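Have a look at the structure below, then the notes.
The values are calculated or read from the model by the stated rules, or taken from the named source; none is laboratory data. What you are looking at is a predicted structure, and each value in this text was computed from that prediction instead of being measured. Cβ placement follows ideal geometry from the backbone for every residue including glycine, while neighbour counts extend to all protein chains displayed. Accessible surface areas use protein heavy atoms only, side chains included; no ligands, DNA or RNA. Shrake-Rupley method; radii C 1.70, N 1.55, O 1.52, S 1.80 Å.
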Amino acid sequence: MKKRIFGNWKMNGSLAANAALVDALAQGVHVGACEIAVCAPAPYLAQLQSLLDGSSIAIGAQDVSAHADGAFTGEISAAMLRDFGVRYVLVGHSERRQYHAESDELVARKAQAALVCGITPVVCVGETLAQREAGETEAVVRRQLAAVVQVNGHCLSEIVLAYEPVWAIGTGRTATPEQAQAVHAVLRAQLLAATTSAGRIPILYGGSMNAANAAELLAQPDIDGGLVGGASLKAADFLRIVACAQ
Ligand code: 13P
């Protein structure tokens, strides 16, 4: 499977900073090596649509409404994202689960809303430090994924999954390749039990991935790519991770 390296810019960027970053990425990326996407704040999707026209770098969004349209002030529908050339959307990022109280069921419905519009949801799962220390890692990620399987069983093979241990996000404390692989294997087994096409579903790792640790993580059998936060904001760092995936 072609590796995927997706950047999650989170709430960072400006028109000027994005233009400089995308320009440097476009110059450094070689077509076809691996699949690359940048997940930008919604106001900048139009800018990316124009900057990345004809580029092999795909546009991603960071969230989507579970609703198709209507009286949901502040929300953004999957159809609106599609209007701006969005190919991927993160759903259930731990920062959404934590700061916006997103439930497993809501995350599953967001994934469904994206799929209905032909956008690939990147479903994020992961345990907190307290959950890991309590030995609950496997139960937590299985529960988070089960909700998505239940709602999206028929088109499950169209999703991308991302394992992001919360304790590794933005902390500089990466999961070891063995720790990450162990959870990826659990997720792969759960997908295999749910669909015969599970082998097609990429499982990305996210959490303090950087140029120094990417190669070892990406060498694990069930790690199909990376979801990169902080290191995706600097073109040189992001490109070094991309190089590890080739
Ligand atoms: P960092 O790479 O900054 O740890 O963020 C990971 C992440 O949350 C990507 O979605």
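Points to keep in mind about this one:
- Under the Karplus curve 6.51 cos²θ - 1.76 cosθ + 1.60, θ = phi - 60°, whole-Hz ³J(HN,Hα) for the stretch 14-27, x wherever Gly or Pro sits: 7, 4, 5, 5, 5, 4, 5, 5, 5, 4, 5, 5, 4, 6
- Rule-of-thumb Rg ratio for the stretch 24-74 [Cα; 2.2 N^0.38 Å; N residues]: 1.42
- Protection-proxy order for peptides 156-165, 175-184, each taking the mean of Cβ atoms within 10 Å per residue, highest first: 156-165, 175-184
- Seen from every direction in turn and averaged, the convex hull around the alpha carbons of the stretch 130-246 projects onto 7.3 nm².
- A cut-off of 5 Å between modelled amide H atoms, ignoring neighbours fewer than 5 places along the same chain, links ALA162 with VAL123, CYS124, VAL125, LEU204.
- Between PHE72 and THR176, residue separation times 0.36 nm minus the direct Cα-Cα distance comes to 33.3 nm.
- Percent accessible area from carbon and sulfur atoms, the stretch 123-246, protein chains only, probe 1.4 Å: 53
- Scanning residues 5 or more positions from VAL89 or on other chains, those with amide H under 5 Å from its amide H are ALA61, THR120, VAL122, with H placed 1.01 Å from N in the peptide plane.
- The chain, relative contact order in percent, only Cα pairs under 8 angstrom and at least six apart counted: 21
- Centroid-to-centroid separation of the stretch 63-100 and the stretch 202-217 [C-alpha atoms, Å]: 25
- Expected-Rg normalisation [2.2 N^0.38 Å, Cα atoms] applied to the stretch 4-44: 1.20
- Along principal axes, Cα extents of the chain, largest first, whole Å: 46, 45, 33
- Residue among HIS184, ALA235, THR196 farthest towards the positive dipole end of the stretch 136-246, charges placed on Cβ: ALA235
- Along its three principal directions, the equivalent ellipsoid of the stretch 18-163 from the Cα gyration tensor extends over semi-axes of 27, 19, 14 Å, largest first.
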